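Structure first, commentary second.
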Amino acid sequence: MKFARVFAVVLLGIVAISALAPRLWTAGDYATQMRENPDSPPSRQTLLGTDALGRDRLARLLYGTRVSLTLAPAAALLSCVLAALIGGMAGFAGGWTERLVLGAVDLFLSLPWLLLLLMVRACLPLNVSPAASMAITFLVLGLLGWPSSARVVRAAVTRLREADFILQARASGCTPWRLLSRHLVPNVMPVLLAQFWTSVPLFILAEATLGMLGLGISEPLPSWGGILRELQSGDLMAQPWIAAPVVLLALVIGGFQLVLPREDYSV
């Protein structure tokens, strides 16, 4: 298992470096169209060939990977901040506040998460710039992805609220702010980190799903979802190299699963 985790870290590092510096692998640009060579096979200049518009597939894959590996953690961070605020407030306050928050969380969790995501994204304008569609997609992911993490945070804070060192701090006259900043937050941080790293691959897959349905990042900006959508019109038997995005996505998600913390924070 240790070897597998080291291998996963190295793999994710290589993918991240390649995405941040795509010129290491290709001299092409993700938007440049070589109309004289549409759907061309791999060559020395285009290692994964070109798509139907003559764009370098490898360049688009690397730039799309950069988008996902940059903004999925940003969405996960937003989700964890909301989970910390909402779940922490519920666990620290207790009483009717905790019951109210748990009711709202249960309501969110009872809804089909993907269907809710599709409904919210479909209500937003589609004729926006690629940069705006990118920001909107991951903002929606971050704003809708907090309930399950909030429940875990609430459970952790509830356990800490009855811990001996918290009771002793209360008895010694510790103010609520000092109690939160010096005692609760440092002890909840491992839970938040675990939820953050768990959310990143989930948001990568969610963006890929939205892109495949045409509700993700708009053209010409590449993303994993948009690239996977192009496979619907391709022939994998005649052009096996177009399956490279699927292979890379599976490797990245598998790598995250191997390096994720194994502590049990279930409720």
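The values are calculated or read from the model by the stated rules, or taken from the named source; none is laboratory data. Note that the coordinates shown come from a computational prediction; the quantities given were computed from them, not determined experimentally. With ideal geometry, Cβ positions are generated from the backbone for all residues, glycine too; neighbour counts draw on all protein chains shown. We work out accessible area using only protein heavy atoms, side chains counted, and drop any ligands, DNA or RNA first. Shrake-Rupley method; radii C 1.70, N 1.55, O 1.52, S 1.80 Å.
The listed residues are L205, L210, L167, L179, and the only one of them that is hydrophobic (A, V, I, L, M, F, W, C) and either touching a residue at least 60 places away in the same chain (Cβ under 8 Å) or in contact with an Asp or Glu (Cβ under 9 Å, 6 or more places away or on another chain) (or both) turns out to be L210. Set side by side, the residues A84, A104, A19, A76 differ, and just one is at pLDDT 85 or above, touching a Ser or Thr at 6+ places or on another chain (Cβ under 6 Å) and part of a helix (DSSP H, G or I), which is A76.
The set of residues from segment 86-111 being over 13 Å from S148 (Cα atoms), open to solvent by 40 Å² or more (accessible area, probe 1.4 Å) and touching a helix residue (DSSP H, G or I) at 6+ places or on another chain (Cβ under 9 Å) comprises M89, F92, A93, R99, L100.
Out of the residues in segment 221-242 that are modelled with pLDDT of 80 or more and in a loop (DSSP other than H, G, I, E, B), which is farthest from V153 (Cα to Cα)? Spell out the reasoning first.
To start, the set of residues in segment 221-242 that are modelled with pLDDT of 80 or more comprises 221-229, 239-242.
Imposing the further condition that a residue be in a loop (DSSP other than H, G, I, E, B) reduces the set to 221-223, 239.
On the way: L221: 36, P222: 35, S223: 31, Q239: 47 Å.
The qualifying residue farthest from V153 (Cα to Cα) is Q239.
Taking G225 as the residue in question, decide whether it is under 25 Å from T32 (Cβ atoms), of a type outside the set (D, E, K, R) and touching a Leu at 6+ places or on another chain (Cβ under 8 Å). Working first, answer last.
Values: under 25 Å from T32 (Cβ atoms): yes; of a type outside the set (D, E, K, R): yes; touching a Leu at 6+ places or on another chain (Cβ under 8 Å): yes.
It is true that G225 is under 25 Å from T32 (Cβ atoms), of a type outside the set (D, E, K, R) and touching a Leu at 6+ places or on another chain (Cβ under 8 Å).
Scanning segment 8-30 for residues that are farther than 13 Å from F256 by Cβ and open to solvent by 40 Å² or more (accessible area, probe 1.4 Å) gives V10, I14, I17, L20, R23, L24, W25, A27, D29, Y30.
Could you grab me the full set of residues in segment 213-229 that are within 15 Å of L249 (Cα to Cα), of a type outside the set (S, T, N, Q) and in contact (Cβ under 8 Å) with a residue 40 or more places away in the chain?
Pass one, segment 213-229, residues within 15 Å of L249 (Cα to Cα): 222-229.
Imposing the further condition that a residue be of a type outside the set (S, T, N, Q) reduces the set to 222, 224-229.
Selection gives P222, W224, G226, I227.
Answer with yes or no whether Q168 is more than 27 Å from L12 (Cα to Cα) and either surrounded by fewer than 21 Cβ atoms within 10 Å (Cβ to Cβ) or in contact with a helix residue (DSSP H, G or I) (Cβ under 7 Å, 6 or more places away or on another chain) (or both). Break it down into steps so the answer makes sense when it comes.
On the way: more than 27 Å from L12 (Cα to Cα): yes; either surrounded by fewer than 21 Cβ atoms within 10 Å (Cβ to Cβ) or in contact with a helix residue (DSSP H, G or I) (Cβ under 7 Å, 6 or more places away or on another chain) (or both): yes.
The answer is yes for Q168.
Can R262 be described as among the charged types (D, E, K, R) and modelled with pLDDT under 80?
yes
Which one is farthest from I242 (Cα to Cα) among residues in segment 31-73 that are among the acidic types (D, E) and in a loop (DSSP other than H, G, I, E, B)? Among those residues, the one meeting the criterion is E36. Contact map, segment 40-65: residues that are buried (at least 17 other Cβ atoms within 10 Å of the Cβ) paired with residues that are in a helix (DSSP H, G or I) and small (G, A, S), Cβ distance under 6 Å, separation 6+ or inter-chain. Pairs shown: L48/A244; L62/S18; L62/A19; T65/A19. Considered as a group, the residues in segment 202-220 that are open to solvent by 10 Å² or more (accessible area, probe 1.4 Å) and part of a helix (DSSP H, G or I) include one that is modelled with the lowest pLDDT, and that residue is M212.
Selection within segment 66-85: residues that are closer than 20 Å to L160 by Cα and crowded, with 16+ Cβ neighbours inside 10 Å. The member of this set that is farthest from the chain's Cα centre (by Cα) is A84.
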